[in-house]
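All remarks here apply to the structure that follows.
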Amino acid sequence: MRIRAFAAAPLLALALVGCGSSDGGSGSGAAATAPSGALVVTAVEGIAWDSKTYSATPVDGKVEIAAKNDSSLPHNLHIIDSNSVDVGLSLSMSKKGDLKTGSAALAPGTYQVICTIAGHGNMKSTLTVG
């Protein structure tokens, strides 16, 4: 029996190493950090964004956005242009600690940052792209 226990130990160690998780860089938990230069928009308790206004400068015609969830509720982030059209960026944060990133081609102007989940209508901030 003792020989079998020792022989199985390396296999157990390999199995435990494979049990970690990876989020592919889109992040969740304390280790998640926003990319350098990204606009960080954070959902906070009280069904709100952490600021009423944001500003960003495009790099190569795109704005990189990191959406962080510091709330106990799920949220999503959408950018709406001045014609009330969604620019096509959708970042979903299902749990507290999630950090999702994406980029959108945004021309200089004013946009709205919203959450489209029912009951989250007060999550509306202004984004000025310069």
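The values are calculated or read from the model by the stated rules, or taken from the named source; none is laboratory data. Everything numeric here is computed off the predicted structure, so don't read it as measured data. No Cβ is skipped: glycine too gets one built from the backbone with ideal geometry, and neighbour counts run over all protein chains shown. Each accessible area value is taken on the protein alone, full model and side chains, heavy atoms only, with ligands, DNA and RNA left out. Shrake-Rupley method; radii C 1.70, N 1.55, O 1.52, S 1.80 Å.
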So, in nm, how far is label ASN83 from label THR33 when the simple model puts each one 7 Å beyond its Cα toward the Cβ?
-> 4.0 nm
For region 34-51 versus region 64-130, the gap between their alpha-carbon centres in whole angstrom | 9 Å
When we measure straight from the Cα of LYS96, which aspartates and glutamates land under 18 angstrom away, once same-chain ones fewer than 8 places off are left out?
-> ASP23, GLU45, ASP50, ASP70
Mean accessible surface per residue for region 30-77, computed with a 1.4 Å probe while every protein chain stays in place, in Å² = 52 Å²
With a bin width of 10 angstrom, please list the P(r) values of region 57-129 as percents of all Cα-Cα pairs, from the 0 bin to the one holding the largest distance.
-> 20, 53, 24, 2
Burial-style ranking of 33-43, 78-88, average other-beta-carbon count within 10 Å with highest first, yields 33-43, 78-88
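By how many nm would the segment from LYS52 to ILE117 grow when fully extended, if each residue of separation counts as 0.36 nm and the alpha-carbon distance is taken off? If you can, show how the numbers build up before the last one.
Values: separation 65, 0.36 × 65 = 23.40 nm, distance 1.82 nm.
Computed gain between LYS52 and ILE117 is 21.6 nm.
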